[in-house]
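Enquirer: Shown below is the structure under consideration.
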Amino acid sequence: MAQVVCSVCQAKGGGLLGASKWFYRILARDYCETCAEKFADEATGAMVATTTAAIAGHQILAYHGVEAVEVYVDATANVEQQGPPPYLGGASPLKGKERRLALTRYAALRALKVRTLERGGNGLLGVSFQYFSAPDVGLGVAAVGTVVT
Ligand SMILES: [Zn+2]
């Protein structure tokens with residue numbers, strides 16, 4: 001299996017699948033999991049994602065289609081030890097399953113925004129979330145939206 005090198009920190013992995021550390025390909029560059037999360041936060045932090053059909057003060061120039069992602073809840077992650085995510089504030093009251101779901105929903109929206117970048121968009125309309133349960137993998141969150149510029 002070809003070796004993958006993180007384009008930011010130069011960490012090496014055994015491949016995109018089956019590596020001891022997860023790697024991601026975003027906009028034709030490879031990232032280790034840590035650098036992928038950092039890139040996604042920085043690249044999509046200012047992106048508008050709304051449940052509405054328009055973005056106030058902006059004209060829709062092009063529609064790039066509907067995009068969707070599914071993210072499963074990591075039932076093994078010790079969410080209490082990860083510290084409060086910035087979007088929940090410094091003293092998050094969310095614990096246990098609520099916190100796990102909130103983290104999964106946040107990850108789904110971020111993944112949807114990365115897909116938006118990959119489609120050449122810079123905004124998302126009509127965003128919605130759906131929670132689902134699958135027999136083998138448990139609970140998950142699906143995020144859907146229309147990619148626009
Ligand atoms: Zn890296």
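Enquirer: Excluding Val127 itself, calculate the net charge of residues whose Cβ lies under 14 Å from the Cβ of Val127, where each Lys or Arg counts +1 and each Asp or Glu counts -1.
Expert: With Lys, Arg at +1 and Asp, Glu at -1, the net is +3.
Enquirer: Something else now. How much net charge surrounds Ala143 when only the other residues with a Cβ under 13 Å from the Cβ of Ala143 are counted, with Lys and Arg +1 and Asp and Glu -1?
Expert: Numbers: positive: Arg105, Arg110, Lys113, Arg115; negative: Glu67, Glu70.
My count for the surroundings of Ala143 gives +2.
Enquirer: What residues qualify as long-range amide H neighbours of Ala11, i.e. H under 5 Å apart, gap of 5 or more or another chain, H built at 1.01 Å from N?
Expert: The list, which skips near neighbours in sequence, is Cys6.
Enquirer: Net charge around Leu117, counting only other residues with Cβ within less than 15 Å of its Cβ (Lys, Arg = +1; Asp, Glu = -1)? Walk me through the numbers on the way to the answer.
Expert: On the way: positive: Arg25, Arg29, Lys38, Arg110, Lys113, Arg115, Arg119; negative: Glu37, Asp41, Glu42, Glu67, Glu118.
Residues close to Leu117 contribute a combined charge of +2.
Enquirer: Quick query: amide H of Trp22 versus all other amide H atoms, modeled in the peptide plane; which residues come in under 5 Å with a sequence gap of 5 or more or a different chain?
Expert: Residues meeting the criterion, in which the H sits 1.01 Å from N, are Glu33.
Since every read-out is calculated from the coordinates, none of them should be taken as a lab result. Everything numeric in this text was worked out from a predicted model, so none of it was measured. Heads up, the Cβs are rebuilt from the backbone with ideal geometry, glycines too, and the neighbour counts pull from every protein chain shown.
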